[in-house]
Amino acid sequence: MTVNLTFFLILFLTFVACMLLALVEAFLCGGKIGKIGIVLDVIVACVGTFYAMCGDKIGVFTKVDWIKKTPIVSILVVGIIIGLFGAGAGSFLYGMIQEKLKPIWLKEGDEEAAVKAFGKVSDKTKLLTASKGSPFYRVRAAAYEKLDQPENALAETAIGSDNEEERLRCVQGITSTKLLSDIVLKANDESVVNAALSKITDREMLRDMSRQLQSDVKKVGLRFEIGKRLSKPDICEEAVRTMIWMHSEHIREKLDSIRDITLRDQLFARLLQKKDTAELVSQWYPGQVVLRPPFKDEFKEFCCPDGRIHVFKESVEWRDLGYSDDDDMKARKGYKVTTMTCENCGYSYRVI
């Protein structure tokens, strides 16, 4: 058995040609090869595959032989595979080259060296690139300072700094609602988030932030705070339900933080309308006022007339039905009736 090394060598060279072609295309197109570039790669690959499979037949085959014996399907399949792999390899190689060519202040690594190197940068294009693409907040802040955008620099520091006092000080120096919103959405320090949130008065901006946080369960507490700022009981209720699902320990803390009496009434009314949350409210606030009277009759199951959650006392009564038959030596028949009575208002119900 002999191995045709020329066949594999031509296929390998074809792959290399496709990779280099894709690399050139990536440089010309700013990293995006696109469909046209992939098609060109596949065409080059098909040509190379043809020479690998049929090169030794050139000058030997007649016109009829070419029509009958050319393995068109095989050429197309192998050509497409080589072309696609070549395009992918070219894109990967372009990415590696670009990473190597990046200045130190755009790479992950030594922050101090990046900050030092960036101190010499003054080109506006490079400053704009650094302000958006540097992994270091100090470089981004410095870029905004050089671009004469001091509030953007403060925002970067408020989000990225390790010093809480510095973060809070930066928040106080910002007036842009958009930048304050960015801090609320991106910062991890609760004190910084609350400081930024307290400065936002634009209700449309608050609503937009709430929508952005709707699918982020990790920031459900923040969504509750935004609901409070907007006095929107539906947002607060949804946040409470998410916190229940997450088994959060801070639900009571969030509910107790509401100072808007109207919002509190509306929120507790919504929670008491559904059995699962109504039972939890009854457990959390026994004997405490959760609604201001007057309120709907449907809430009397949970609240006294003065709005306090019922505090029930249990009493058990045996209902005797006599002996099972005339033989008084047999067991008596009957059943227990449990009566739950509120100690505050006397409301009661029976459980048989």
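Quick check, is Asn194 closer than 30 Å to Leu222 by Cα and in contact with a Ser or Thr (Cβ under 9 Å, 6 or more places away or on another chain)?
Numbers: closer than 30 Å to Leu222 by Cα: yes; in contact with a Ser or Thr (Cβ under 9 Å, 6 or more places away or on another chain): no.
The answer is no for Asn194.
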Practice task
Out of the residues in region 189-221 that are among the basic types (Lys, Arg) and part of a helix (DSSP H, G or I), state the one that is farthest from Lys178 (Cα to Cα).
Solution key: Lys218
Fill in the blank from the handout: Over region 223-260, the set of residues within 20 Å of Tyr285 (Cβ to Cβ), part of a loop (DSSP other than H, G, I, E, B), open to solvent by 20 Å² or more (accessible area, probe 1.4 Å) and of a type outside the set (D, E, K, R) is His247, Ser248, His250, Ser257
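If you scan region 74-90, which residues turn out to be under 17 Å from Gly31 (Cα atoms) and open to solvent by 50 Å² or more (accessible area, probe 1.4 Å)?
Residues satisfying the conditions are Leu84, Phe85.
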Fill in the blank from the handout: The residue from Asp320, Asp306 that alone is exposed (fewer than 13 other Cβ atoms within 10 Å of the Cβ), modelled with pLDDT under 95 and not in a strand (DSSP E or B) is Asp306
Practice task
Quick one: count up the residues across region 261-275 that are assigned to a helix (DSSP H, G or I), open to solvent by 60 Å² or more (accessible area, probe 1.4 Å) and touching a residue at least 12 places away in the same chain (Cβ under 8 Å).
Solution key: 4
Exercise for the section: Inspect all residues belonging to region 18-34 and state whether any of them is among the small types (Gly, Ala, Ser), on the phi > 0 side of the Ramachandran plot and part of a helix (DSSP H, G or I). Expected result: yes
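How about region 153-172: which of its residues are open to solvent by less than 40 Å² (accessible area, probe 1.4 Å) and closer than 26 Å to Asp202 by Cα?
Initial filter on region 153-172 (open to solvent by less than 40 Å² (accessible area, probe 1.4 Å)): 153, 155-158, 160-161, 167, 170-171.
Result: Ala153, Ala155, Glu156, Thr157, Ala158, Gly160, Arg167, Cys170, Val171.
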Exercise for the section: Can you tell me which residue within region 19-71, out of those that are of a type in the set (Asp, Glu) and over 16 Å from Ala87 (Cβ atoms), is least open to solvent (accessible area, probe 1.4 Å)? Expected result: Asp65
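Can Ser210 be described as open to solvent by 40 Å² or more (accessible area, probe 1.4 Å) and small (Gly, Ala, Ser)? Full working, then the answer.
On the way: open to solvent by 40 Å² or more (accessible area, probe 1.4 Å): no; small (Gly, Ala, Ser): yes.
When the stated conditions are applied, Ser210 does not pass them.
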Practice task
Might you check whether a residue that is among the basic types (Lys, Arg) and in contact with a strand residue (DSSP E or B) (Cβ under 8 Å, 6 or more places away or on another chain) occurs anywhere in region 320-330?
Solution key: yes
Completion exercise
With criteria (1) touching a helix residue (DSSP H, G or I) at 6+ places or on another chain (Cβ under 9 Å); (2) loosely packed, with under 12 Cβ neighbours inside 10 Å; (3) among the charged types (D, E, K, R), Lys120 comes up short on (1)
Handout entry: Lone unmet requirement of (1) closer than 17 Å to Cys170 by Cα; (2) open to solvent by less than 70 Å² (accessible area, probe 1.4 Å) for Ala130
Key = (1)
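Do we find a residue being among the polar types (S, T, N, Q) and either at pLDDT below 90 or touching a Leu at 6+ places or on another chain (Cβ under 8 Å) (or both) anywhere in region 287-294? Quick ask: steps written out before the conclusion?
Going residue by residue through region 287-294, those that are among the polar types (S, T, N, Q) are 288.
Right, trim to either at pLDDT below 90 or touching a Leu at 6+ places or on another chain (Cβ under 8 Å) (or both) and you get none.
Checking region 287-294: not a single residue is among the polar types (S, T, N, Q) and either at pLDDT below 90 or touching a Leu at 6+ places or on another chain (Cβ under 8 Å) (or both).
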Problem - Unique match (being open to solvent by 50 Å² or more (accessible area, probe 1.4 Å), charged (D, E, K, R), closer than 18 Å to Ile226 by Cβ and out of contact with any Ser or Thr (no Cβ under 6 Å at 6 or more places or on another chain)) among Lys146, Lys178 - result: Lys178
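The values are calculated or read from the model by the stated rules, or taken from the named source; none is laboratory data. Computed from a prediction, not measured in an experiment: that's the story for all the values here. Note that each Cβ is placed from the backbone with ideal geometry, even for glycine, and that neighbours are counted across all protein chains shown. We work out accessible area using only protein heavy atoms, side chains counted, and drop any ligands, DNA or RNA first. Shrake-Rupley method; radii C 1.70, N 1.55, O 1.52, S 1.80 Å.
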